[in-house]
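Engineer: This is the structure I want to talk about, given as structure tokens.
The values are calculated or read from the model by the stated rules, or taken from the named source; none is laboratory data. In this text, all values refer to a predicted model and were calculated from it rather than measured experimentally. Because the Cβ atoms are built from the backbone with ideal geometry, glycine has one as well, and the counts that use them run over all protein chains shown.
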């Protein structure tokens, strides 16, 4: 057993940390206050010059072959700075890119995955619909075969990067009878496309600098060669992609948790009450201890699971456990962080307030906590407790 | 241009530094290390010159134990072509003079046109090595540069350095040594492909015997300078709050300044 990061993994962490400290942290408050997607896009561009988006992908497609572990390191570090930026990059790599890596044929990977890895094109993943969130299998977007094309009609909702992406992996219904059992197909849709439009959704509790959009498909023609994998394989691709991306979402929670812990420690050493730094009070110390203990657990399960995934193991249960535990732990941690900061923590000028708002969605998107519990329980009951 | 950048691995800037128990070094437990930020300016300037001229080579050079390989690998990841790691147990405890001799011996092995150092290392702040090496190698140097222009055909360079209230512009013939000051450039980040390639780039490990330097001659007993003590600055005593009405407080303050602080 070896829990050490390799030299390359350590260098990746150091490099991303430097990048976050210099290029992202100074802008994070502004990004949030102004809902400034343009700033996030400019950071995205700088990141592509460093080759960040190829982290998990094989070298054959312009990646660096650093696997899920490398990807988790990248996302953890990005999340120390700005959740909006981290989610933008996460949807690009972990949802759009991973869908293509998991489901795509050689030609599709060469054409689309390479441009995602280089950052030349931005990716999005469109599964959720107004009437299909947790119950993804009941999606309605229709995809009808017509000559050499499929014609897409319907609406997708709350799609990260939806209105700024160039490549969108869209899940549609090719056979309404079969539904999730072979009736759902994934398509690679290039934007702009005739009949495709995207409307930005601005009013969110957090992630205010990440572009969230409603996507409308009105007779959008997609060539058959852009069917990801095979017709009817869409649901399997969507679910396997989510297994992996749930893990990176958990990694994002670690970064945010470490950042607010560090802010809380700094604050508690400086803030004086009753003539002493509040760090000297046991009530504050216990909160710091609990935060630190949870972070240790988060790190332990996420990197263990990333390692498993890199060994080629499928991780439906483990990914769900990481996502469930880390998103809920993060909420407990940001809550304590705000408590330690007192009135300051309630004020918009303090970054801890932003982390508090940005954290909440982690228990909801990419499968709610309730869905994670269902996934875990189903797997444990079916396959045993080990 | 054949360019060398001498670098030192130093404790990360955010590290909490404490004297070691024997009081002659710092306590190194749990410290994380980085490439000395001033030395990064040297590496970056080397890479920029190589890019501008469209050819050349940048060699990163360092002295120290096993761990120093990580710092050199970082230099390779940002774009240096090769690295030289001088590693020898006998160097433990060597003083600045010995370090300069060792570096000069290593630098003499190749015909470098330009040799960069940081203006100082952020750990001991001695600021001596680059200038010392210039002396030992008989090369001209400019210390603390914040701008550099190379005229390759004439084997010349023009360097700027900031002095009190003015900029000094110095012309110098190559080969030469420069120590780098903040403002010279903005060091680039390692790229991910750069990180992946770093391990494949050549890293030569040299011992003292490779450099024809006797272990004995760099021994701490032969040191020309010796660190006697490293100690933390004295803790600041708490301030005094003078209570009372403004006129009483001022009277009391004057009394204290006169009688206690003895500054009036």
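Engineer: Of the residues B:89, B:135, B:111, B:95, only one is farther than 23 Å from residue B:33 by Cβ and in contact with a helix residue (DSSP H, G or I) (Cβ under 9 Å, 6 or more places away or on another chain); which?
Structural biologist: After ruling out the rest, the residue left standing is B:135.
Engineer: If you go through the range B:76-90 one residue at a time, how many are farther than 13 Å from residue B:204 by Cβ and either more than 11 Å from every other protein chain (Cβ to nearest Cβ) or without any contact (Cβ under 8 Å) to a residue 40 or more places away in the chain (or both)?
Structural biologist: Qualifying residue count for the region: 4.
Engineer: Among the residues of the range B:93-113, is there at least one that is more than 14 Å from every other protein chain (Cβ to nearest Cβ), closer than 26 Å to residue B:223 by Cβ and in a strand (DSSP E or B)?
Structural biologist: no
Engineer: Failed condition for residue A:72, given (1) surrounded by fewer than 20 Cβ atoms within 10 Å (Cβ to Cβ); (2) more than 12 Å from every other protein chain (Cβ to nearest Cβ); (3) in contact with a helix residue (DSSP H, G or I) (Cβ under 8 Å, 6 or more places away or on another chain), with all others met?
Structural biologist: Unmet for residue A:72, out of (1) surrounded by fewer than 20 Cβ atoms within 10 Å (Cβ to Cβ); (2) more than 12 Å from every other protein chain (Cβ to nearest Cβ); (3) in contact with a helix residue (DSSP H, G or I) (Cβ under 8 Å, 6 or more places away or on another chain): (1).
Engineer: Would you check if there is a residue in the range B:188-202 being free of Cβ contacts under 8 Å to residues at least 12 places away in the same chain, within 30 Å of residue A:15 (Cα to Cα), in the same structural domain as residue B:106 (by TED's automatic domain parsing) and in a loop (DSSP other than H, G, I, E, B)?
Structural biologist: Yes, some residue in the range B:188-202 is free of Cβ contacts under 8 Å to residues at least 12 places away in the same chain, within 30 Å of residue A:15 (Cα to Cα), in the same structural domain as residue B:106 (by TED's automatic domain parsing) and in a loop (DSSP other than H, G, I, E, B).
Engineer: May I ask you to verify whether residue B:22 is in contact (Cβ under 8 Å) with a residue 60 or more places away in the chain, over 23 Å from residue B:190 (Cβ atoms) and in the same structural domain as residue B:181 (by TED's automatic domain parsing)?
Structural biologist: no
Engineer: Only one of these is assigned to a loop (DSSP other than H, G, I, E, B), within 23 Å of the chain's Cα centre (by Cα), away from every other protein chain (no Cβ under 14 Å) and surrounded by 12 or more Cβ atoms within 10 Å (Cβ to Cβ): B:230, B:177. Name it.
Structural biologist: From the options B:230, B:177, the qualifying one is B:230.
Engineer: A further question follows. Here is a check on your reading of the model: is residue B:140 within 21 Å of residue B:2 (Cα to Cα) and within 14 Å of chain A (Cβ to nearest Cβ)?
Structural biologist: So residue B:140 fails the test.
Engineer: Consider residue A:293 carefully, then state whether it is crowded, with 24+ Cβ neighbours inside 10 Å, out of contact with any strand residue (DSSP E or B) (no Cβ under 7 Å at 6 or more places or on another chain) and at pLDDT 95 or above.
Structural biologist: When the stated conditions are applied, residue A:293 does not pass them.
Engineer: Out of the residues in the range A:37-57 meeting the condition of being more than 12 Å from every other protein chain (Cβ to nearest Cβ) and out of contact with any helix residue (DSSP H, G or I) (no Cβ under 6 Å at 6 or more places or on another chain), tell me which one is farthest from residue A:303 (Cα to Cα).
Structural biologist: A:38
Engineer: Can you name every residue in the range A:312-349 that is free of Cβ contacts under 8 Å to residues at least 12 places away in the same chain and either surrounded by 19 or more Cβ atoms within 10 Å (Cβ to Cβ) or under 20 Å from residue A:134 (Cα atoms) (or both)?
Structural biologist: Hit for the range A:312-349 is A:345, nothing else.
Engineer: Now for a different question. Are there strands (runs of 3 or more DSSP E) fully within the range A:133-211 with at least 3 residues that are touching a helix residue (DSSP H, G or I) at 6+ places or on another chain (Cβ under 9 Å)? List them.
Structural biologist: A:149-160, A:167-173, A:184-190
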